[in-house]
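So the structure is just underneath, and the comments pick up after that.
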Amino acid sequence: MSAVNPVGNASHTGTDAAAHRPRRLSTETKAAFKTTEFFAYIAAVVAVLIASMVVGDDEGHADYFRADKAWLYIVVLTVGYMISRGLAKSGSRDPYDESR
């Protein structure tokens, strides 16, 4: 069984097809760790954890900011961050350089 080349040139093989693809000129967005929202997200998570640790049951008062509530806020922050990254990827482009 022989393969038929649609171009009609016997010197072209299937491996040359990759060399003739259009060059990729852009990526979707910057890497997540290069964005300001990543650092804002990390700061907010750290702030929630510190606040949960600092607020306690001093002087007979109940613990108003328990660990379960802190982790709920962290999950909400994470979902918000994931949605913001999804929106960023859906609408912007970053120049692509093959040397990277």
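The table that follows gives values for the structure above.
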item: Counted charge near residue 70, where neighbours are those whose Cβ lies closer than 15 Å (Asp, Glu -1; Lys, Arg +1); result: -1
item: Residue order for 82, 53 - accessible surface, 1.4 angstrom probe, largest first; result: 53, 82
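The values are calculated or read from the model by the stated rules, or taken from the named source; none is laboratory data. From a predicted model like this one, the values you see are computed outputs, not experimental measurements. Because the Cβ atoms are built from the backbone with ideal geometry, glycine has one as well, and the counts that use them run over all protein chains shown. Protein only, heavy atoms only, side chains kept; ligands, DNA and RNA dropped before computing areas. Shrake-Rupley method; radii C 1.70, N 1.55, O 1.52, S 1.80 Å.
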